[in-house]
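Here the structure comes first, spelled out in structure tokens, and everything after it is commentary.
Read-outs: derived from the displayed coordinates by stated rules, not from any lab. Keep in mind it's a predicted model, so treat the numbers as computed, not measured.
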Amino acid sequence: MRTRSVSVMLVALVLGFSALAIPAPAVADDGYKNLPVAKANPHISREVIVSLPEVMQKSDVKIADDIRPGTLFYYPNGQLVEGQERRALELAARCHSILIGALPGGAWSGESRCQTALLGRPGLKAYYEWNTNAASEGSACLQVRGFNTSGSRTWYNAGCGTAGNVTVNWGNVAAYPAARARTYNIVFGWTGFWSGPI
């Protein structure tokens, strides 16, 4: 009886090691790596690449590294990029009158970002505007997100005071428009609103 138990244990042990030695079938589909957008953005995850609309997958647009899967993309003219499902909150998610604030002291606020993204094109310029909340006592300086000629993220000055606007370089980049603020007068905090290019 003991010999049989030992034999059963040895068989189970051998089968266990055999199972470990057999490589599991690959579950990841690497076909996405052949898409033009994946070749242009080797640092972007498979999850993001496969979630992009087909027109973007077939392009060499630079994808910002903070793009999340399922992001809605708009053309510069405000039209939704084709191949995406329209959503109930689509209009609410546009880059219009987004609340932003800065604490007293003059330090830059955190990034205030649109939830939808702009699909750029070579040579594209992006327009931003901002204004102070009527209830705010202070004034502020704003910077907005754009991209330099090499496609690297850059903060551009959008003016100081109670309102401003600026047109910045964007180019062939798909990214979220964003802004940040700091108090102009360091004694008071500040709140306001900004609108982006989509």
**Study point:** Placed amide H near Gly138: partners under 5 Å, 5+ positions off or other chain
**Key:** Thr191
Check your understanding: Mind listing the phi-derived Karplus ³J(HN,Hα) values for segment 60-76, rounded to whole Hz, using 6.51, -1.76 and 1.60 with θ = phi - 60°, and x for any glycine or proline?
Key -> 10, 4, 7, 9, 4, 6, 9, 5, 9, x, x, 5, 7, 10, 10, 6, x
Exercise for review: May I ask you to compute the full-extension gain from Lys39 to Asn165, defined as 0.36 nm times their residue separation minus their alpha-carbon distance, rounded to one decimal in nm?
Suggested key: 41.8 nm
Review point. Under a 5 Å amide H to amide H cut-off, with H placed in plane at 1.01 Å, what residues pair with Gly106 once short-range neighbours are removed?
Key: Thr183
Check your understanding: For segment 121-198, what is Rg from Cα atoms divided by 2.2 N^0.38 Å, rounded to two decimals?
Key -> 1.15
Review point. Three principal axis extents, largest first, for the C-alpha atoms of segment 68-195, in Å?
Key: 49, 35, 22
Review point. Check Thr154: other-chain or 5+ apart residues with amide H under 5 Å from its amide H, H built from backbone geometry?
Key: Gly146, Phe147, Asn148
Study note, to complete from the structure: The alpha-carbon center of segment 128-156 and that of segment 39-58 are separated, in whole Å, by 28
